[in-house]
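The values are calculated or read from the model by the stated rules, or taken from the named source; none is laboratory data. Quantities reported herein were computed from a predicted structural model and do not represent experimental measurements. Here the Cβ is made from the backbone with ideal geometry for all residues, glycine too, and neighbour counts use every protein chain on show.
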Amino acid sequence: MTEKEISVYIHIPYCPAKCLYCDFLSFPLCSAPAVPAAYIKALTREIFLWGRKLESLDIRVSTLYIGGGTPTALSASELSEVLAACRRYLPLAEPEWTVEVNPGTLTPEKIEEMVKAGVNRASIGVQDLNEERLVLLGRQHNPAQAEEAFLVCRDAFPAVSVDVMAALPGQEPADLQETLAAVCGWGARHISVYGLAVAEGTPLFKLVKEDRVALPDEEAQLEMFTLTREYLLPRNYEHYEIASYTKGQHCRHNLTYWKNLPYAGIGLGAHSYWQKMRLANTRQMEVYLQSLAEDRLPVAECHNVSRREEMEDTIILGLRLRDGVSLSDFAGRFKRDLREVFAAEIKRLLELQLLECRDGFLRLTDKGLPLANTVFAEFISC
Ligand code: SF4
């Protein structure tokens, strides 16, 4: 990515219903604070404002990601409006263009709209292929719909990614392996495996607290992490980021985040990293609609990123990649050697064999991989 390129994320805060573990900013369609038509009107305005700003600076959009929520929870015509606004107002440079898709929400019309607009990647929330667990999690699809969604997307788009969840209630390592075997069997060329994080305030948090639902213990979680690698690596998937595996379909959009490069977040609660600032849009629907009705960007928080923070972010995000952080890229960006900037931290982590420095990269070792959060914490200054 050059200085004249940016990634854009667009947030669609609607879902057919709320999953029990979800703490994302999304509303069930039946009880959302604004109907999609009102939201899309404001969103289109925000897309326009960002597009004008990017064009004035001669910056092109190299990756575009429409996520949520569930973008495909919108009707075909609503989805088409969002896609059309992107095409009309954003300076697109033949971007990698992803839309998040949830099984059970796809129709031939929606697929057609996406293909017509230029969407070239689908990211499908499969999560699990055990029917009972899907119900327990409050997911709105069954295993057959997940497979069907994959097959339809595989025929429609050049790239398809599948999200799978680990450390789910009642899930054994063998269950996870079954899910992985199935999605490999479908021919998935990009698989992300995320461990469930039970966020406070969610219905699942309450169930776990009341001992009505049990989660796998730490040992089983570690076993699932190891099993994922041991299952996918011999099947020719490259483990290129802590949670991501691929056969030649690296997600360029996510690489922007992991390389700590600029992105614009458009939509309710969306975050941007732009001109050395971290910006957060309002999470209040009414404020969002009102700001855009007055032609103002709905930014609620703005934080100037210091040079030190930028260096910390660059190393923490970069260590998520299996390649790690390039010493020469870091030196080019900051005119400093990262081994000097973080000398004490790196020395400690090298001694613990959680990091290694080889071939011009600083990276997590196999031992450090499952302990990544502990490693990252070392680089955050108080
Ligand atoms: S589909 Fe995703 S965003 Fe929607 S409720 Fe479920 S977890 Fe949340």
Of all the residues that make up segment 149-164, how many are buried (at least 22 other Cβ atoms within 10 Å of the Cβ) and either part of a loop (DSSP other than H, G, I, E, B) or of a type in the set (S, T, Y) (or both)? 1
Checking A149 against (1) touching a strand residue (DSSP E or B) at 6+ places or on another chain (Cβ under 6 Å); (2) over 27 Å from I66 (Cα atoms); (3) among the small types (G, A, S): exactly one of these is not met. Which one? (2)
Consider segment 1-28. How many of its residues are in contact with a Gly (Cβ under 9 Å, 6 or more places away or on another chain), in a strand (DSSP E or B) and within 12 Å of the ligand (Cβ to nearest atom)? 5
Which condition from (1) in a loop (DSSP other than H, G, I, E, B); (2) farther than 24 Å from I266 by Cβ is the one that D295 breaks? (2)
Kindly check whether there is at least one residue in segment 305-318 that is in the same structural domain as E345 (by TED's automatic domain parsing), of a type in the set (S, T, Y), part of a helix (DSSP H, G or I) and free of Cβ contacts under 8 Å to residues at least 40 places away in the same chain. no
Can you confirm whether segment 39-58 contains a residue that is more than 10 Å from the ligand (Cβ to nearest atom), assigned to a loop (DSSP other than H, G, I, E, B) and modelled with pLDDT of 95 or more? yes
Expected output for segment 323-352 (first residue of a type in the set (F, W, Y), partner part of a helix (DSSP H, G or I) and surrounded by 15 or more Cβ atoms within 10 Å (Cβ to Cβ), Cβ below 6 Å, 6+ apart or cross-chain) is F330/L338; F334/M311
Mind listing just one residue for me: the one in segment 230-253 that is in contact (Cβ under 8 Å) with a residue 40 or more places away in the chain and part of a helix (DSSP H, G or I) and, of those, surrounded by the fewest Cβ atoms within 10 Å (Cβ to Cβ)? R235
Among the residues of segment 89-148, write down those that are more than 16 Å from the ligand (Cβ to nearest atom) and part of a strand (DSSP E or B). L92, A93, E94, P95, E96, W97, R121
Selection status of S31, modelled with pLDDT under 95, within 21 Å of E286 (Cα to Cα), within 16 Å of the ligand (Cβ to nearest atom) and not basic (K, R): yes
Condition (residue is within 22 Å of the chain's Cα centre (by Cα) and assigned to a strand (DSSP E or B)) applied to segment 201-224: is it met by at least one residue? no
Select from segment 50-76 the residues that are polar (S, T, N, Q) and free of Cβ contacts under 8 Å to residues at least 24 places away in the same chain and list them in ascending order. S56
In the set T202, T179, which member is buried (at least 20 other Cβ atoms within 10 Å of the Cβ), of a type in the set (S, T, Y) and at pLDDT 95 or above? T179
Here the qualifying pairs (Cβ atoms under 6 Å; residues six or more apart or on different chains; first in segment 8-36 and under 17 Å from H271 (Cα atoms); second among the β-branched types (V, I, T) and more than 8 Å from the ligand (Cβ to nearest atom)) come out as V8/V61; I10/I66; I10/I266; D23/T202
When both residues are 6+ apart or on different chains and their Cβ atoms are under 9 Å apart, which pairs have a first residue that lies in segment 133-153 and is closer than 13 Å to L196 by Cβ and touching a residue at least 12 places away in the same chain (Cβ under 8 Å), and a second that is of a type in the set (D, E) and crowded, with 20+ Cβ neighbours inside 10 Å? L137/D128; R139/D128
Taking into account only those residues within segment 366-382 that are assigned to a loop (DSSP other than H, G, I, E, B) and among the hydrophobic types (A, V, I, L, M, F, W, C), which is surrounded by the most Cβ atoms within 10 Å (Cβ to Cβ)? F379
